[in-house]
1. Which one of these does Ser77 not meet: (1) within 19 Å of the chain's Cα centre (by Cα); (2) away from ligand 2 (no atom under 16 Å from the Cβ); (3) at pLDDT below 95?
2. How about the range 123-215: which helices (runs of 4 or more DSSP H) wholly inside it have at least 2 residues that are under 29 Å from Ala321 (Cα atoms)?
3. How many residues are at negative phi and away from ligand 2 (no atom under 16 Å from the Cβ) when one looks only at the range 315-344?
4. Could you list, in sequence order, all residues of the range 294-317 that are surrounded by fewer than 20 Cβ atoms within 10 Å (Cβ to Cβ) and assigned to a helix (DSSP H, G or I)?
5. In this structure, is Asn32 within 11 Å of ligand 1 (Cβ to nearest atom) and without any contact (Cβ under 8 Å) to a residue 24 or more places away in the chain?
6. As an exercise: evaluate Ala100 against (1) within 16 Å of ligand 1 (Cβ to nearest atom); (2) surrounded by fewer than 14 Cβ atoms within 10 Å (Cβ to Cβ); (3) modelled with pLDDT of 95 or more and give the number of the one condition it does not meet.
7. With the structure loaded, tell me whether Glu110 is over 23 Å from Tyr14 (Cβ atoms), among the acidic types (Asp, Glu), in a strand (DSSP E or B) and touching a residue at least 12 places away in the same chain (Cβ under 8 Å) or whether it fails that test.
8. Would you check if Ala368 is modelled with pLDDT of 95 or more and of a type in the set (A, V, I, L, M, F, W, C)?
Amino acid sequence: MTVATVSVRDFRCYEAATARLDPDLTVVVGPNGAGKTNLLEAIYFGCTGASVRSTNDRELVRFGAVATRVVVRFVASSGEHELALAFAPGEAKRMTFDGAPVERLLDAPERPLVSVFVPDRLGLVKGAPGARRAHIDQLVAALWPARAGVRRAYSAVLAQRNALLARIRAGHATVASLDAWDQQLAGLALELIETRRRAVGLLAEPFAETGTLLGLDGELAIRYRPRSRARDAAAFIQELSERLPADLERGFTAHGPHRDELSITRAGREVRTYGSQGQQRLALLALLLAERELIGELRGTPPLLLLDDVMSELDGTHRAALVDLLRSHPGQALITTTDLDHVPEASGVSRLGVAGGRLLQSTDTAAA
Ligand SMILES: Nc1ncnc2c1ncn2[C@@H]1O[C@H](COP(=O)(O)OP(=O)(O)OP(=O)(O)O)[C@@H](O)[C@H]1O
Ligand SMILES: [Mg+2]
């Protein structure tokens, strides 16, 4: 699947623009404040219906405009398709697939998968475990869409159990009333743990290999560390009941896959605690690139990789390794940079110039 063009109207700094993407690598180049991140954000928004930077879609509407619209045209094995998204503050988003309304983009029969690197996402390797759990659950959803519901179902049952804990604590319910929820929670917890274990297991080798290809010294490793040792539902229920007094005191369930950790190490040490800025950046890149490879293998088409401002903290060797890797592996990618010199061999790649909130024409430098 390849994204061919992205057209925007009144999106952030853009009044009206159409960006044509290279099937392999596009470099978006321009000075600070030119509109590079905004373009990347528009592509992400058009493919996922969500913003990468903010949770408030209002910010996406150009100052002074009343609505924004993004249209993504892409080519899949079934032919050419068009996803369109319109948003006006105070109204629900409107989305169409090939002109027919869809409730959510998830319901579109086909849509490009996207993977994004923005500096904020470094929190994934250096921040709290919650971000890593959410990320691995998203990977699960990308690899096996049918299993995406397990995480949601688990969270729903967990919320019910927590509500019941509060009622028991207040004397409005009995401990016995937990049994039915614990049964359900155990089944879903084991399924979630098993699926995560599988996803991380598949990721481990490409992750280590990508780290090496990126020129990172010291082997990268990723390991899933579930809290629960349970092998079956009965054992999980037993673990829950051992912790019941503490749970009742706290008023929430402190045991289960919603508290699991995913550890990322380089040369045997946690990247979040011991990694340098550059190493953390490379570890995140290795993660996204390894996932891209895995999704490509399992789903037949790798996600579009959007890399914002990735070059600025990498040295020349690592920049060259990254560009080599992007060009030698299947999949479409887009990189933003303030400086073309940061992209080795830039003369051979498609460039998209941005200045003063406008797109300059897309230039194929081979022809220029
Ligand atoms: N809703 C909006 N309407 C109009 N302009 C906006 C809106 N939101 C942001 N901008 C402006 O868009 C401009 C470009 O921002 P963007 O983040 O895309 O720059 P950039 O090229 O990524 O710069 P840098 O290299 O510094 O990261 C900024 O001047 C910003 O203030
Ligand atoms: Mg930017």
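1. So Ser77 meets the others, but not (1).
2. Numbers: elements: 123-126, 129-143, 148-169, 179-213.
Output list reads 123-126, 129-143, 179-213.
3. Going residue by residue through the range 315-344, those that are at negative phi are 315-330, 332-344.
Narrowing the set further to residues that are away from ligand 2 (no atom under 16 Å from the Cβ) leaves 315-330, 332-333, 341, 344.
Final tally of qualifying residues: 20.
4. Our first condition is that a residue be surrounded by fewer than 20 Cβ atoms within 10 Å (Cβ to Cβ); within the range 294-317, this holds for 295-301, 309, 312-313, 315-317.
Scanning the range 294-317 gives Ile295, Gly296, Glu297, Leu298, Arg299, Gly316, Thr317.
5. Working: within 11 Å of ligand 1 (Cβ to nearest atom): yes; without any contact (Cβ under 8 Å) to a residue 24 or more places away in the chain: no.
Against the criterion (within 11 Å of ligand 1 (Cβ to nearest atom) and without any contact (Cβ under 8 Å) to a residue 24 or more places away in the chain), Asn32 does not qualify.
6. (1)
7. On the way: over 23 Å from Tyr14 (Cβ atoms): yes; among the acidic types (Asp, Glu): yes; in a strand (DSSP E or B): no; touching a residue at least 12 places away in the same chain (Cβ under 8 Å): yes.
In short, no.
8. Working: modelled with pLDDT of 95 or more: no; of a type in the set (A, V, I, L, M, F, W, C): yes.
So Ala368 does not fit the description; no.
The values are calculated or read from the model by the stated rules, or taken from the named source; none is laboratory data. No experiment lies behind these values; they were computed from the predicted model shown. Positions of Cβ are generated from backbone atoms using ideal geometry, with glycine treated the same way; all protein chains shown enter the neighbour counts.
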